[in-house]
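Heads up: the structure comes next, in structure tokens.
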Amino acid sequence: MRKVLVFAVLGMLLAPMLGLLSVGVLMNPAVLHQAHCLASGLTLGPIPDELEVTTKDGTTFTLNKQQLTHAGTIITTGANTPGVGRDGILIALMAALTESTLRQLANTGTYPESGDFPNDGNGSDHDSLGLFQMRPQSGWGTVAELMDPKYQARAFYGGPDGPNYPSPRGLLDIPGWQQMDKGEAAQAVEVSAYPDRYQNYEPVARTILDALTRRSGGGGGVPGDETIPETTRLVFPLPTGSYTRTSQFGPRVDPITGVASFHSGTDWATPDGTPIVALADGVVTYAGMLGGFSGQITIEHTIGGEKVATKYIHMWAHGIHVAAGDRVTAGQHIGDVGSSGHSTGPHLHFQVHPGGGAQPAVDAEPWLAGHEVEGADALTTGGGPGCAA
């Protein structure tokens, strides 16, 4: 298995051209708070003796206590891994259900020694092992490591602290996994020859997560599908008079690559450090450096009886002031304008997603113009090649 020393990674992050960003990542209180929320916001309850579940295609079957115990390991590992959250745990459960039906499988045909470790039966898929059917020859780990369910869960989630970082990639190593369909995200890690199988187990994963966990108190917690109260007001995300629209929603020529592309948000140029506020009351579902280099906050709201997500992009790490699981109010200071990621200068790239963060973005300007938004300048002025997003 290929491993890269953490010190080497830190050395690269602390290179001069990325110094400011890396210091922000290491010292950002919001990131540290997120880790606390993830560890304390989801509590594993008693493991039932069995649980009846139904797949998306209508197949019903029963999981036994051993399978549910493995599910508990996946949940606990995810809940204590910063950046994973409820959606990441659901993806991991979907993957393990698809690959092994939550069984820790040996493979004595290829690795006779695997039968010497605790297991739930013998598999025969090439040289794959365990809950996620990981392959030693692909670099996931040794036979002994992969016969440990906790190790497999950590490897699936990945990230800089994962045992297989940087390759093979775990979930946290997949750029933009939060915006993917959950089945697609599972496939991005597993790289299966049958990529469409994972979606079938999403209802099963949700049933397991609901049955095995409960929310702990304290107001934080892992963001999930909880009901979000209707917002009482809408507030434009930048101070009045502080910004100029520099790039519209829709087709354009990317100012960095020069290639025709589709711009999924609206860019408003404004000085570095300008405060960004939440458009509406809601729950933060993501706050961090997306893909490791572009600051993003995603908030889920209920607006006009509809689930709506807003995304605020290009902040520096030190300019992110909320964490996943936080409840925010309209007009609350959530971050500061920056120029991280695919950007030519300080600006806010803003997106609106009716139906939630996994749904396509719409043109923010006419959407905002159709609602009563406090503090908005004229939403159709400005122009020019502007900043990339």
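For the reader, a short list of remarks on this structure follows.
- With respect to being within 29 Å of the chain's Cα centre (by Cα), crowded, with 23+ Cβ neighbours inside 10 Å and either over 30 Å from residue 289 (Cα atoms) or of a type in the set (A, V, I, L, M) (or both), residue 68 falls outside the description.
- Every condition in (1) under 24 Å from residue 188 (Cβ atoms); (2) in a loop (DSSP other than H, G, I, E, B) holds for residue 94 except the one numbered (2).
- In segment 123-132, the residues that are open to solvent by less than 20 Å² (accessible area, probe 1.4 Å), assigned to a loop (DSSP other than H, G, I, E, B) and either in contact with a strand residue (DSSP E or B) (Cβ under 8 Å, 6 or more places away or on another chain) or within 22 Å of residue 185 (Cα to Cα) (or both): 123, 128, 130, 131, 132
- Taking first residues from segment 63-89 that are closer than 16 Å to residue 120 by Cα and partners that are of a type in the set (Asp, Glu) and open to solvent by 60 Å² or more (accessible area, probe 1.4 Å), the Cβ contacts under 7 Å between residues at least 6 apart in sequence or on separate chains come to 63/50; 64/50; 65/49; 65/50.
- Among residues of segment 134-145, those that are open to solvent by 30 Å² or more (accessible area, probe 1.4 Å) and in a helix (DSSP H, G or I), counted: 4
- Filtered residues of segment 75-84 (kept if in a helix (DSSP H, G or I), farther than 20 Å from residue 144 by Cβ and open to solvent by 10 Å² or more (accessible area, probe 1.4 Å)): 76
- Each residue in segment 103-113 was checked for being surrounded by fewer than 24 Cβ atoms within 10 Å (Cβ to Cβ) and either closer than 18 Å to residue 55 by Cα or polar (S, T, N, Q) (or both), and 3 of them qualify.
- Residue 103 vs. criteria assigned to a loop (DSSP other than H, G, I, E, B) and out of contact with any Phe, Trp or Tyr (no Cβ under 9 Å at 6 or more places or on another chain): yes
- Within segment 181-197, the only residue that satisfies the criterion of being under 16 Å from the mean Cα position of the chain (by Cα), surrounded by fewer than 18 Cβ atoms within 10 Å (Cβ to Cβ) and free of Cβ contacts under 8 Å to residues at least 24 places away in the same chain is 184.
- In this entry, residue 44 passes the filter for residues that are at pLDDT 50 or above, more than 29 Å from residue 124 (Cβ to Cβ) and in contact with a helix residue (DSSP H, G or I) (Cβ under 6 Å, 6 or more places away or on another chain).
- Enumeration of residues in segment 238-255 that are of a type in the set (Val, Ile, Thr) and either under 24 Å from residue 333 (Cα atoms) or open to solvent by less than 50 Å² (accessible area, probe 1.4 Å) (or both): 240, 244, 246
- Counting only residues that are modelled with pLDDT of 95 or more, touching a Ser or Thr at 6+ places or on another chain (Cβ under 9 Å) and crowded, with 23+ Cβ neighbours inside 10 Å, segment 317-339 holds 1 of them.
- Residue that is farthest from residue 79 (Cα to Cα) [pool: residues in segment 146-158 that are touching a residue at least 60 places away in the same chain (Cβ under 8 Å) and either out of contact with any Pro (no Cβ under 8 Å at 6 or more places or on another chain) or surrounded by fewer than 20 Cβ atoms within 10 Å (Cβ to Cβ) (or both)]: 149
- Close pairs from segment 126-144: first at pLDDT below 95, partner in a helix (DSSP H, G or I) and among the polar types (S, T, N, Q), Cβ under 6 Å, at least 6 apart: 127/137
The values are calculated or read from the model by the stated rules, or taken from the named source; none is laboratory data. As the structure is a computational prediction, the values presented were derived from the model and not from experiment. Virtual Cβ from ideal backbone geometry, glycine too; neighbours counted across all protein chains shown. All accessible areas refer to the heavy atoms of the entire protein, side chains included, with ligands and DNA or RNA removed. Shrake-Rupley method; radii C 1.70, N 1.55, O 1.52, S 1.80 Å.
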